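Below: one structure, written as structure tokens.
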Amino acid sequence: MAVEVIIRRTFKEPQQAQQLVPLIVQLRSQATIQKGYITGQTLRCLDCPGEYLVISTWHTAEDWTRWYNSLQRREIQQQIDDLLGEPTE
């Protein structure tokens, strides 16, 4: 059964967006070549400046977990968390 993963990232300073967006794109690019990845989208909230939602669909929870635990993803995610000053939800 397919699973959908929703990730929310919020930044407080407008200049953070200039650094955040390329990292999100990098994560998404790497995710698309992972086993079990189906599709994904990145949404920006118009009413909540600084909030991004990333929704991805995977064939199985195991496929998502494998990507989630990968060193490649964790390194990029750490850069995002460092930039935002808080963990991603």
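Within the stretch 41-67, count every residue that is in contact with a helix residue (DSSP H, G or I) (Cβ under 8 Å, 6 or more places away or on another chain) and either at pLDDT 95 or above or among the charged types (D, E, K, R) (or both).
3
Got a number for residues in the stretch 45-73 being surrounded by 13 or more Cβ atoms within 10 Å (Cβ to Cβ) and of a type outside the set (Phe, Trp, Tyr)?
From the stretch 45-73, those surrounded by 13 or more Cβ atoms within 10 Å (Cβ to Cβ) are 50-61, 63-68, 70, 72-73; that's our starting set.
In the following step, the residues that additionally are of a type outside the set (Phe, Trp, Tyr) were identified as 50-51, 53-57, 59-61, 63, 65-66, 70, 72-73.
Qualifying residue count for the region: 16.
The values are calculated or read from the model by the stated rules, or taken from the named source; none is laboratory data. Please read these numbers as outputs of a predicted model, since none were measured by experiment. Every residue, glycine among them, receives a Cβ derived from its backbone with ideal geometry; neighbour counts consider all protein chains shown.
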